[in-house]
Amino acid sequence: MSHGQKHYPNLFSPLDLGFTQLKNRALMGSMHTMLEEAHDGFNKLAAYFVERAEGGVGMIMTGGIAPNTEGSPFSGSAMMVNSDDVANHQIITNAVHQAAPDCKICMQILHNGRYAFHPDGVAPSAIKARITPFAPKEMTADDIERTISEFAQCAALAKEAGYDGIEIIGSAGYLVSEFLLEMTNQRTDEWGGSYENRMRFPVEVVKRIRAAVGTDFIVVYRIATMELLPEGSSWQEVVQLGKAIEQAGATIISTHFTWHEARVPTLATMVPRAAFTQVTGKISKELSIPLITSNRINMPDVAEQVLADGDADIVSMARPMLADPELILKADQGREDEINTCIACNQACMDHALTGQLVSCLVNPRACHETELNYLPTKTAKRVAVIGAGPAGLAYATIAAQRGHDVTLYESNDKIGGQFNIAKRIPGKEEFTETLRYYGKQLELTGVTVKLNHKATQKELVEENFEKIILATGIEPRTPDIEGINHPKVISYLDAIQDKKPIGKKVAIIGAGGIGFDTAEYLSHAGISSGLSKEVFAKEWGIDFENHPRGGVAGIEPSVETNDREIQLLQRKTTAVGKNLGRTTGWTHRIMLQRRNVKMINGCDYKKIDDAGLHVIINGEETVLDVDSIVICAGQQPFRELYEGLQNQKCNVELVGGADVASELDAKRAIDQASKLAALL
């Protein structure tokens, strides 16, 4: 019996589907990576999926592939419509089946409907989505009939391409789910009107696909279990649809939560682990086919608990498979402390996908770059010093040592982590602790010599004769040039968060970048963090898991516990406050601060600080903000005190991370840059 079967008996038990079986209950969920459209993309996709197949998952779901031109997300994106497409996809299926014969791989069929980013999008009714630039064309009865046939043809071609199954995405606000809601389907023919009629399209798609692929092929239907929109489905409708989809021939139903236009986070790090699985558990009682659940399941013990509770038969982990392709293998071998956990930051995955950049992962820059970024054993081992154990220093030190270099890591603090030690204290960012646990273990495994509480000096670095010195000394907060900046009311964000210095009731925060927002979150917070409690999360975002009103949210007012601080978040720029935060998470932070009565003010010109408070000019008007504390979050500058001296001594020295560029605190850039440089050493 393996460690995995002993410690995670549910996760490692096979699932019999009748005509075939899954070796375990771990699914790599669907993610569009943009490799689908990249040069030589199919070979790159094959390498990406093979690593995950070898990493132990029972089943893999590809990113969404369109069944026709109007269904594609943007012009020129991947489709499955002809024999050329079949040949391309065979590169993936052959590679996966050869590498891991017992791993199933399914292709997701995704018709974007009104979410298409091109002028030829179609939908049940010509109603534009808030989040896309184009209004869709209303489908004629003939268009609908043709589209159903194209879904079936797409599935048949996927089978020909060697896939073990397909997944129809009937959720998230894409075409199939647009038929279900009155808000997007205002038709008066047989495809609109009553719920019976509105659900005809998804049911017909499943029927027609089953007829096209025969009985020995996996058909997964992704159902919108909770749209998180007040106009969403009622619980009765969800159950009715689930039963009809089962009747129509689906092998498995996968539960999905949210539409892309909903204003409730489902993926961000402020969402607690396994936040939505109880909803899957609720519908599983109504159906007899296996169910997949998803969202914020990022460690094997979380997956095991969900299965043990009977909430699902299969657990989908999408982003955790970007972060660590060997997550399941490590769980099976008892190496949980080596798992590189997904911290749900979205910065290199979702934010990239939505802006048309190649997807990757903040904690694992190799994700989707498996053919070009590899950490191969070095031919000539060098003696290397890395100064600073923040994200950049940790990435560089562990990768260089893994490759066979002799690495010494110097850190002036008593623990590793740098700015991550501040990040993990922000409510909703508790997951950052996992990254530090991962790096701590990697330092041990790769044999890095770690010197904590040790401020490296130029003298010792020169005397030690290192062949390479990496300065990962990070940043220092920038002190703005304001009269009275040394007044006792003024403290830095480091004082506030790290040293927990006393802060008054009335606070002004200077600077509204990522750190300003984190500081406002930290100072305005009361009670337990939503990242640690499903109850608090449901309250803060107005979700009723118990009674399941329409969309899970209709008629439910969000309620947020506030402390009695009055906080003003100020910025010089006249653009909207928070405009440059992450594409997929920025809005959640803005909403949360608004609900905690944080005032966000742009166009501020800072004049001086004195006993009366902070003197400012806002939109041309002079005023004094009567505050007790002024927290400075006015950006940062590279901290490079050793750089010039070491260069003068002709040392081979290089800057990485914040010490190199410190415009915003950017762990994604820091880890990516450090990993690439360490791979080249």
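What follows is calculated from the coordinates using simple rules that are stated; it is not laboratory data. Bear in mind that the values here come from a model prediction, so they are computed numbers and not experimental data. No Cβ is skipped: glycine too gets one built from the backbone with ideal geometry, and neighbour counts run over all protein chains shown.
General observations
- Rounded to the nearest 0.05, the FRET efficiency derived from the C-beta distance between E54 and S533 at R0 = 41 Å is 0.65.
- Peptides 496-505, 148-157, 526-535 ranked from most to least packed, by the mean per-residue count of other Cβ atoms within 10 Å: 148-157, 526-535, 496-505.
- Cβ-based charge dipole, the chain, positive-most Cα from Q305, G390, P133: G390
- Added length on full extension, which subtracts the Cα-Cα distance from 0.36 nm per residue, K415 to T215: 66.3 nm
- Cα gyration tensor shape for the chain, rounded if a/c is under 1.5, else prolate or oblate: oblate
- Dipole magnitude (debye, nearest 20) for the stretch 280-324, charges at Cβ of Lys, Arg, Asp, Glu: 200
- What the Cα convex hull of the stretch 3-353 gives, in volume per residue, is 121 Å³.
- Debye-formula intensities of the stretch 84-170, expressed as log10 I(q)/I(0) at q = 0.25 Å⁻¹, are -1.13 (one equal scatterer per alpha-carbon, no solvent).
- Once the Cβ-Cβ distance of H454 and D544 is raised to the sixth power relative to R0 = 56 Å, the FRET efficiency obtained is 0.55.
- Residue exposure sequence - H405, H7, H111 - by fewest surrounding Cβ within 10 Å: H7, H405, H111
- Label-zone membership for the stretch 362-393, site H39, 7 angstrom Cα→C-beta point, backbone N under 13 Å: none
- Residue-count net charge about A172 - beta-carbon cut-off 11 Å; Lys, Arg +1, Asp, Glu -1: -2
- With contacts taken as Cα pairs under 8 Å at a separation of at least 6 residues, the chain carries a relative contact order of 12 percent.
- The convex hull of the Cα atoms of the stretch 170-318, projected and averaged over all directions, covers 9.1 nm².
- Calculated from backbone phi, Karplus (6.51, -1.76, 1.60) coupling profile of the stretch 475-485 in Hz, x at Gly/Pro: 10, 10, x, 7, 9, x, 8, 10, 4, x, 5
- The GluC sites (Glu not before Pro) of the stretch 435-466 that DSSP puts in a loop, and whose beta carbon has at most 16 other beta carbons within 10 Å, are E464.
- Two-site label geometry, R572 and H260: point separation in nm, points 7 Å out along Cα→Cβ: 3.6
- Protection-proxy order for peptides 630-638, 290-298, 434-442, 542-550, each taking the mean of Cβ atoms within 10 Å per residue, highest first: 290-298, 630-638, 434-442, 542-550
- By the count of neighbouring beta-carbon atoms within 10 Å, fewest first, S288, S233 end up ordered S288, S233.
- A DSSP coil position with no more than 12 other Cβ atoms inside 10 Å describes the following chymotrypsin sites (Phe, Trp or Tyr not before Pro) in the stretch 1-88: F19, F74.
- Cross-link check: pairs K6/K676; K382/K451; K379/K429; K330/K501 evaluated at a Cα-Cα cut-off of 29 Å; pairs beyond the cut-off: K6/K676; K379/K429; K330/K501.
- Annotation: amide H-H contacts under 5 Å for S360 (H modelled 1.01 Å from N, sequence separation of 5 or more, or interchain): C349.
- Dipole moment magnitude, nearest 20 debye, the chain about Cα centre, only Lys, Arg, Asp, Glu C-beta charged: 820
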